[in-house]
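For reference, the structure is listed below as structure tokens.
The values are calculated or read from the model by the stated rules, or taken from the named source; none is laboratory data. Fair warning: this is a prediction, and the values are worked out from it, not measured in the lab. Don't worry about glycine lacking a Cβ; one is built from the backbone with ideal geometry, like all the others, and counts go over all protein chains shown.
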Amino acid sequence: MEDESCRGIQPIPFQQCELTKREADSGVRSGILGVPLPHAAAYAFRWAANMRHIIFIISLLFSVSLVSCGGHVDNLNTNDATPVFRTDFTDEATWRKIQRDVAATNVMGFSANVQFIDERQYSGLTGQELLQRIPGLNEYGCIFVADTMAMSTVEHHLLVLDPSNPEGKTFRVIPSEAWGVENNLSLANMDYSEFTNAADSDGVFRGFK
């Protein structure tokens, strides 16, 4: 006699729907809501998979809503790469040139380990304002700033800040020499004052003479 629970359900080759009297009495394979356990397990699996998709879609929509509502995630990475903040947004070509020159590998095989922060929320900020507003910068040996002077001068020299001494003396560096400043200050091989003292009379460090 055909089991009522088998109607409308495709048979599974390795599983019979008929139950022995002992199984029926004990409920070992009684199923859920009259559905045999093999089918109930399949339904449960599909339900769990659907829930995962629903949760993913909800989280994606939530992320999009944060962006559309002005939510902001700081792009400053939690690693040892020294930040180069852009605070002037008047010349895209010059900014790209500065990035290339700062990140370039020199003839000795050295290069600056930097991360470029290109966010308009920092537009027009001074070096001191950056140090005051952004937590965690004191963990770096130095900070570079591509400000209006860096964008407008022929050499595009970057402002170099000492996060441990925000009110202290500053200097500038031409992009091709940024590697020496970054390498030595991030590893504490040299002091900030050694670079300020080695800067030319205009306050720009162009390499050790």
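For region 166-191, what are the residues that are part of a loop (DSSP other than H, G, I, E, B), closer than 21 Å to D202 by Cα and not charged (D, E, K, R)? Outline the logic, then answer.
Residues of region 166-191 part of a loop (DSSP other than H, G, I, E, B): 166-170, 174, 187-191.
Imposing the further condition that a residue be closer than 21 Å to D202 by Cα reduces the set to 166-170, 174, 191.
Once the filter is applied, which keeps residues that are part of a loop (DSSP other than H, G, I, E, B), closer than 21 Å to D202 by Cα and not charged (D, E, K, R), region 166-191 yields P166, G168, T170, I174.
Only one of (1) hydrophobic (A, V, I, L, M, F, W, C); (2) closer than 22 Å to N106 by Cα; (3) surrounded by fewer than 17 Cβ atoms within 10 Å (Cβ to Cβ) is not met by F195, so which one is it?
F195 satisfies every listed condition except (3).
Give the residues of region 182-209 that are modelled with pLDDT under 95 and among the aromatic types (F, W, Y), sorted by residue number.
F208
When N106 is evaluated against the numbered criteria (1) closer than 17 Å to L159 by Cα; (2) modelled with pLDDT under 95, which criterion, by number, is the only one it fails?
(1)
Does M190 meet the test of being more than 18 Å from F85 (Cβ to Cβ) and either in contact with a helix residue (DSSP H, G or I) (Cβ under 6 Å, 6 or more places away or on another chain) or not charged (D, E, K, R) (or both)? Break it down into steps so the answer makes sense when it comes.
Details: more than 18 Å from F85 (Cβ to Cβ): yes; either in contact with a helix residue (DSSP H, G or I) (Cβ under 6 Å, 6 or more places away or on another chain) or not charged (D, E, K, R) (or both): yes.
So M190 passes the test.
What are the residues in region 192-209 that are part of a helix (DSSP H, G or I) and touching an Asp or Glu at 6+ places or on another chain (Cβ under 8 Å), if any?
So in region 192-209, the residues part of a helix (DSSP H, G or I) come out as 192-198.
Within region 192-209, just Y192 meets the criteria.
Conditions tested, residue by residue: (1) free of Cβ contacts under 8 Å to residues at least 12 places away in the same chain; (2) surrounded by 12 or more Cβ atoms within 10 Å (Cβ to Cβ); (3) assigned by TED's automatic domain parsing to the domain that holds L159; (4) not acidic (D, E).
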residue	(1), (2), (3), (4)
R96	yes, no, yes, yes
E119	no, yes, yes, no
L125	no, yes, yes, yes
Q128	no, yes, yes, yes
L131	no, yes, yes, yes
I134	no, yes, yes, yes
Y140	no, yes, yes, yes
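Of everything in region 138-165 that's part of a helix (DSSP H, G or I) and of a type outside the set (A, V, I, L, M, F, W, C), which residue is farthest from Y192 (Cα to Cα)?
Looking only at region 138-165, we keep the residues that are part of a helix (DSSP H, G or I), and these are 138-139, 148-152.
Then keep just the ones that are of a type outside the set (A, V, I, L, M, F, W, C); that gives 138-139, 148, 152.
Values: N138: 13, E139: 14, T148: 23, S152: 25 Å.
Result: S152.
Here is a list of conditions, (1) under 23 Å from D91 (Cα atoms); (2) under 22 Å from the mean Cα position of the chain (by Cα); (3) in a loop (DSSP other than H, G, I, E, B), and P135 meets all of them except one; can you say which number that is?
(1)
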